[in-house]
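Structure first, commentary second.
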Amino acid sequence: MNDRLVIAAESPLGPDLGHIFARHTADMHAQTPPESIYMMDASELAAEDVQFFVLREAGEVLAMGAVKRLSGDLAEIKSMHVLAEARGRGLSRLMLQHLIRAARGLGVRNLSLETGREPIFLPAQRLYEQAGFRECGPFGSYTGDPNSLYMTLEF
């Protein structure tokens, strides 16, 4: 990571984060049926059981991601998003590595995620597979959705 890139824990309610949440929301609604969207908004991500991170370059917001603890042994990746104009630079990989380290720091045994099955999510699916995530069944409060792909990484 170059010295202009910084990933840090922040409040999801920060005053300069509205645009990344708006872009994330727009992307999800453009590609996913409404009943299959499980993203958390900024106020939900401000919960005690969530660690929220922002990747900035020279102070500019480029990406976000969160880890939500679901139980003693399980955490979930939530709201991982890199702005479209910043993609192709390895920032998704950097953020994912950071989220994995954060989850390990919680002492969980599994880090899971839910992503879409639509073609737009194929790069994300490949990224997760390269990091060691494997397909699994629904976890936490998920009950199964034909538009969702569930993946987990065991520590």
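The values are calculated or read from the model by the stated rules, or taken from the named source; none is laboratory data. Note that the coordinates shown come from a computational prediction; the quantities given were computed from them, not determined experimentally. Cβ coordinates were reconstructed from backbone atoms using ideal geometry, including for glycine residues, and neighbour counts include every protein chain displayed.
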> What number of residues within the stretch 6-35 satisfy the criterion of being crowded, with 16+ Cβ neighbours inside 10 Å and polar (S, T, N, Q)?
Replying inline: 1
> Residues of the stretch 82-135 being surrounded by fewer than 12 Cβ atoms within 10 Å (Cβ to Cβ) and touching a residue at least 40 places away in the same chain (Cβ under 8 Å), which ones?
Replying inline: ALA84
> Out of (1) of a type in the set (D, E, K, R); (2) closer than 18 Å to MET64 by Cβ; (3) in contact with a helix residue (DSSP H, G or I) (Cβ under 6 Å, 6 or more places away or on another chain), what's the single condition that is false for GLU118?
Replying inline: (2)
> Wholly within the stretch 1-76, which strands (runs of 3 or more DSSP E) include no fewer than the required count, namely at least 1 residues that are among the acidic types (Asp, Glu) and modelled with pLDDT of 95 or more?
Replying inline: 50-57, 60-69
> Are there any pairs, at least 6 apart or on different chains, whose C-beta atoms fall under 7 Å, with the first in the stretch 15-39 and at negative phi and the second surrounded by 15 or more Cβ atoms within 10 Å (Cβ to Cβ) and of a type in the set (Lys, Arg), and if so, which?
Replying inline: none
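Can you spot a residue in the stretch 110-121 that is under 20 Å from PHE53 (Cβ atoms) and part of a loop (DSSP other than H, G, I, E, B)?
Here is the first cut: in the stretch 110-121, the ones under 20 Å from PHE53 (Cβ atoms) are 110-115.
Still in the running and part of a loop (DSSP other than H, G, I, E, B): none.
Looking for residues that are under 20 Å from PHE53 (Cβ atoms) and part of a loop (DSSP other than H, G, I, E, B), one finds none in the stretch 110-121, hence no.
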>> Just checking, does the stretch 58-68 include any residue being within 26 Å of LEU153 (Cβ to Cβ), of a type outside the set (A, V, I, L, M, F, W, C) and touching a residue at least 40 places away in the same chain (Cβ under 8 Å)?
In response: no
>> Can you report the number of residues in the stretch 52-76 which are over 23 Å from SER148 (Cα atoms) and crowded, with 16+ Cβ neighbours inside 10 Å?
In response: 7
